[in-house]
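This report concerns only the one structure given below.
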Amino acid sequence: MARIGLDFDGVFADCNQLKRDVAHDMYGVDIPPEHYTKSYIFEHELLTEEEERTVREHAYSDREYGMAMEPVDDVFRYLTRLDEDGHDLCVITSRSGELVDIARDWYSQHRQQSEHDVPELSFNGVGYGNEKLDACLAENVDVFVDDDLHKLKPLQGEIPHRFHFVGEYGGSTETDVATPVHSWEELYNEIAAATN
């Protein structure tokens, strides 16, 4: 079985919906979650760079917003299945400090409310702007899943199986860097194929 490292934002929790809600509350703009990208926002002049940065920071650091994030579809169902299959799971996130605590508390709350037997997970926060490679190597990760392609690039040649979780909103990917997956069901099937 494999040691699987998972990013948190965008893999567990729907951050585009969260940022959309914060942007609406702070600036009164309606940005559909599927279009919540910097390029779309700036091209359509929906927010300034400073406003977009403020939205992002507020979305991740405000406990009330953070605890209100919606789970990505089927995340708990397939986490449970991966655990039942004997895989060893951990979270490796770019968050740090209080932001990791918010993510951990969000996970704990949803874990308790889930109809599935969701496993307990360790949370390793590396801090924004830091690469996840050292944490992956320290955790002996065989598989890593992230929604940010640029965070998967440094793992090439080091982590055997890399998956780019593009999710329901889609997005560009590079198949030489990571295998794109659009749902937790697809991720589960890809991991099963890669590790059997």
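Points worth noting:
- Subset of segment 70-97 that is in contact with a Ser or Thr (Cβ under 8 Å, 6 or more places away or on another chain) and hydrophobic (A, V, I, L, M, F, W, C) - its residue that is farthest from residue 141 (Cα to Cα): 76
- Against the test of being open to solvent by less than 30 Å² (accessible area, probe 1.4 Å), within 29 Å of residue 97 (Cα to Cα) and touching a Lys or Arg at 6+ places or on another chain (Cβ under 8 Å), the options 142, 146 yield a single qualifying residue, 146.
- Enumeration of residues in segment 160-193 that are touching a residue at least 60 places away in the same chain (Cβ under 8 Å) and open to solvent by less than 40 Å² (accessible area, probe 1.4 Å): 165, 167, 170, 184, 187, 188, 191, 192
- Of all residues in segment 88-95, at least one satisfies being part of a strand (DSSP E or B), within 30 Å of residue 122 (Cα to Cα), open to solvent by 50 Å² or more (accessible area, probe 1.4 Å) and not basic (Lys, Arg).
- Within segment 41-78, the set of residues being in contact (Cβ under 8 Å) with a residue 24 or more places away in the chain and either more than 23 Å from residue 102 (Cα to Cα) or of a type in the set (Phe, Trp, Tyr) (or both) comprises 47, 60, 65, 76, 78.
- A search for C-beta distances below 9 Å between a residue of segment 114-125 that is within 16 Å of residue 93 (Cβ to Cβ) and any residue that is open to solvent by 60 Å² or more (accessible area, probe 1.4 Å) and of a type outside the set (D, E, K, R), counting only pairs 6+ apart in sequence or on different chains, returns 124/138.
- Of all the listed residues (85, 74, 7, 25), the sole one being open to solvent by 60 Å² or more (accessible area, probe 1.4 Å), at pLDDT 95 or above, under 25 Å from residue 149 (Cβ atoms) and not hydrophobic (A, V, I, L, M, F, W, C) is 74.
The values are calculated or read from the model by the stated rules, or taken from the named source; none is laboratory data. All values derive from a computational prediction rather than experimental measurement. Ideal geometry is used to build each Cβ from the backbone, glycine not excepted, and the neighbour counts take in all protein chains shown. Areas reflect the complete protein model, heavy atoms only, side chains present, ligands, DNA and RNA absent. Shrake-Rupley method; radii C 1.70, N 1.55, O 1.52, S 1.80 Å.
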